[in-house]
1. Can you give me the distance in nm between label points at R93 and Y12, each placed 7 Å from the Cα along the Cα-to-Cβ direction?
2. Which whole-Hz ³J(HN,Hα) couplings does the range 82-96 yield from phi under the Karplus relation 6.51 cos²θ - 1.76 cosθ + 1.60, θ = phi - 60°, glycine and proline marked x?
3. Over the range 1-133, what is the mean sequence separation of C-alpha contacts under 8 Å (at least six apart), divided by residue count, expressed as relative contact order in percent?
4. Arrange the following residues from fewest to most other Cβ atoms within 10 Å of their Cβ: Y6, Y12.
5. In nm, to one decimal, how far is the T55 label point from the A147 one, both placed 7 Å along Cα→Cβ?
6. I'd like the distance separating the alpha-carbon centroids of the range 1-45 and the range 62-104, in whole Å.
7. At a 10 angstrom cut-off on C-beta neighbours, averaged per residue, how do the peptides 131-139, 55-63 rank from highest to lowest?
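Computed from the coordinates by the stated procedures, all read-outs in this text should not be read as laboratory data. Please read these numbers as outputs of a predicted model, since none were measured by experiment. A quick note on method: Cβ atoms are made from the backbone with ideal geometry, for glycine too, and the neighbour counts reach across all protein chains shown.
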Amino acid sequence: MSRTVYLLGGLYLLAVAWFGPLPQLAGTSFAAHMGLHLILIAGAAPLIAMGLSGTRIDARLASLGLLNPILASVAELVVVWAWHAPGLHDASRGSTGVFVIEQASFLAVGLLLWLSAVGTAGGGERRAAIGVIGMLLTSMHMALLGALLNLAPVPSIIIRAMPPWPISNSGACSCLSSAAPSTSWRDSGCSPVF
């Protein structure tokens, strides 16, 4: 498939996520809230990254040393977990401006992570091999976040700030957040060596 198809597919997913019903539903449905995050990080970001792989943007970021898959995985962990802490989480639910910053930061770290793993500029094969480790770390912390949401004996700090939903709603989206990173990596068609 051509880079253009990947790029357009990722941009289409962004449009569906940001301009469809999910932002409105996210205020009352935890599954919609998590679905929006997952579309950005595990759907749109990998497609856009595959569309940018081998382009001047990929080469420029690689030349600046910004495409280290391990560091990108750590950055993604910090951003995702920080936005799920009560203060930032409440702020993003209460302010459209903060919500936009939250969504932009999820997309930014998602793109950084995926381009670090699938990009071809600046030693792409080596980067892809290290990218497997970065994606493993990401899958682990996303699975942990999903497990905490689903298995906590009391409402977690993450859910505490959200309106009450039936356990099946939070359980379903927790399972999604646990499975999505590994599924999107597998379905991207990427392998450690290109």
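1. The two pseudo-label positions are separated by 3.3 nm.
2. Working through the residues one at a time gives 4, 5, 9, 6, x, x, 5, 4, 4, 4, 5, 7, x, 9, 4 Hz.
3. Rounded, it is 30 percent for the range 1-133.
4. Values: Y6 20, Y12 13.
By the 10 Å Cβ count, ascending, the order reads Y12, Y6.
5. 3.7 nm
6. 16 Å
7. In descending order of packing, they fall as 131-139, 55-63.
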